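Colleague: Dropping the structure in here first, questions after.
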Amino acid sequence: MDPTTDNAGNTGDSAAARDSLEALRAEIAKAVVGQDPAVTGLVVALLCRGHVLLEGVPGVAKTLLVRALASALELDTKRVQFTPDLMPSDVTGSLVYDTRTAEFSFQPGPVFTNLLLADEINRTPPKTQSSLLEAMEERQVTVDGTPRLLPDPFLVAATQNPVEYEGTYPLPEAQLDRFLLKLTIPLPSRQDEIDVLTRHASGFNPRDLRAAGVRPVAGRADLDAARAAVAKTTVSPEITAYVVDICRATRESPSLTLGVSPRGATALLATSRAWAWLTGRDYVIPDDVKALALPTLRHRVQLRPEAEMEGVTADSVINAILAHVPVPR
C-alpha cells in the first residue's frame, strides 16, 4: 500500500470523526438547552477513557444530558439512583442460585453498560461508593474472585448536589482523583430558561428523546478513530513541563492542604490533547492546557479551612496559579 495514501486515509478518518463528534452538540441541543461546555467535557472524557463528576443543583438537566449523549452516540446507558441502603452488589451484580441447574450464575449489575449515570453518588455510604473504584480504574468487576470485563466504551457520569449536604457521604480523595473531570452545571441564563419553558409548552417530553428529534450522529467507529487521532497529537517537551509546573504549584500553594497528584498531571495532559484535536490541531498549545485546567484539577485539590472561610475556592486558586506560572513560548 502507498504510505501517502494511507496517511491521507487516516487524516480523512480523523476529520470525519471530528465532524461527527462536533455534530453531537447540535443533536444534544435538541433536548438540552445551553450546556455546550458540559457536552464538550463528556466528549473529552470519552476520548480519554475517563469519567465525569457532574455537580449542579437539582433540575438543571444533568440526567437528560447523559441520556441525550448516549442516544446521539447510539450507546447503551443505565441509571442507578444512589441511596443510603444501596448495596455494592446492586451496582456490580451478584451470583444468583439457579434452581434448574443447581448452580450459581452471575447476574450482571447496571455497571455493565457504556454510560453509567450514578445519580447523587454522595448519598450512598463509602462501602457502595467504593464498588465503583475497580470498575472505573480497571474497567472490570471482580465477583467471587472472577474478573469480568466491562464494555468499551465505558464512562461513569456521577452527579452530586452542591447545596444539600444532610444525609450525604462526601467522596473520599482517592475516588475523586479517579474522575477525569469535574464539570459544574450552572443554572441557565434567562433566555435559555425561556427557551426551555417554550419547548415544554410546545409538548417537549424529556422522557422521549426520539420524539424530540435526537438521532444517532456518531458511533463507536467514530469514537475509535477519534481516540487514535488524539493518541497521535503531538506534545512538545515545553508543554509537558508547563503541565508539571502547574501541578507542582498546587502542592506549594498556601491555600491548599492537598495539591494535584501525578495522576492529575497525567489527566491534564490527556484532556489537553483531546481538546487540541477537537479544535482542529494535531499539536497541543498552552491555551489547551489552560482551557482544561479547571475541570481537570478542581476536584483534585483540597482547601485549607481558613482559606475556605475567607471565600477562597479551588477554581480561584487554580486561576491564580495559571496566571503565575510562566507560559512557554
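The values are calculated or read from the model by the stated rules, or taken from the named source; none is laboratory data. No experiment lies behind these values; they were computed from the predicted model shown. Here the Cβ positions follow ideal geometry from the backbone for every residue, glycine too, while neighbour counts run over all protein chains shown. The protein model used for the area step is the full one, side chains on, heavy atoms only, and it has no ligands, DNA or RNA in it. Shrake-Rupley method; radii C 1.70, N 1.55, O 1.52, S 1.80 Å.
Colleague: Might you let me know whether segment 72-80 holds any residue that is in contact with a Ser or Thr (Cβ under 7 Å, 6 or more places away or on another chain), part of a loop (DSSP other than H, G, I, E, B) and either surrounded by fewer than 21 Cβ atoms within 10 Å (Cβ to Cβ) or on the phi < 0 side of the Ramachandran plot (or both)?
Modeller: Among the residues of segment 72-80, at least one is in contact with a Ser or Thr (Cβ under 7 Å, 6 or more places away or on another chain), part of a loop (DSSP other than H, G, I, E, B) and either surrounded by fewer than 21 Cβ atoms within 10 Å (Cβ to Cβ) or on the phi < 0 side of the Ramachandran plot (or both), which makes the answer yes.
Residue-by-condition table, conditions (1) surrounded by fewer than 18 Cβ atoms within 10 Å (Cβ to Cβ); (2) touching a strand residue (DSSP E or B) at 6+ places or on another chain (Cβ under 7 Å); (3) in a loop (DSSP other than H, G, I, E, B):
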position	(1), (2), (3)
Ala265	no, no, no
Ala270	no, no, no
Arg281	yes, no, yes
Asp287	yes, no, no
Arg300	no, no, yes
Glu308	yes, no, no
Gly311	yes, no, yes
Val317	no, yes, no
Ile321	no, no, no
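Colleague: Are there any pairs, at least 6 apart or on different chains, whose C-beta atoms fall under 9 Å, with the first in segment 96-120 and over 20 Å from Thr83 (Cα atoms) and open to solvent by 70 Å² or more (accessible area, probe 1.4 Å) and the second part of a strand (DSSP E or B) and β-branched (Val, Ile, Thr), and if so, which?
Modeller: Close Cβ pairs satisfying both conditions: Phe104/Val96; Gln107/Val96.
Colleague: Let me ask another. Go through the residues of segment 12-22 one by one and say whether even a single one is part of a loop (DSSP other than H, G, I, E, B), of a type outside the set (Val, Ile, Thr) and at pLDDT 85 or above.
Modeller: No; the residues of segment 12-22 include none that is part of a loop (DSSP other than H, G, I, E, B), of a type outside the set (Val, Ile, Thr) and at pLDDT 85 or above.
Colleague: Still on this structure: Which condition breaks for Val230 when tested against (1) farther than 26 Å from Phe154 by Cα; (2) assigned to a helix (DSSP H, G or I); (3) in contact (Cβ under 8 Å) with a residue 40 or more places away in the chain?
Modeller: Condition (1) is where Val230 drops out.
Colleague: Taking Arg25 as the residue in question, decide whether it is open to solvent by 40 Å² or more (accessible area, probe 1.4 Å), at pLDDT 90 or above, within 22 Å of Thr159 (Cα to Cα) and among the basic types (Lys, Arg).
Modeller: Answer is no for this residue.
Colleague: So, Pro254, is that one surrounded by fewer than 17 Cβ atoms within 10 Å (Cβ to Cβ), without any contact (Cβ under 8 Å) to a residue 60 or more places away in the chain and not in a helix (DSSP H, G or I) or not?
Modeller: yes
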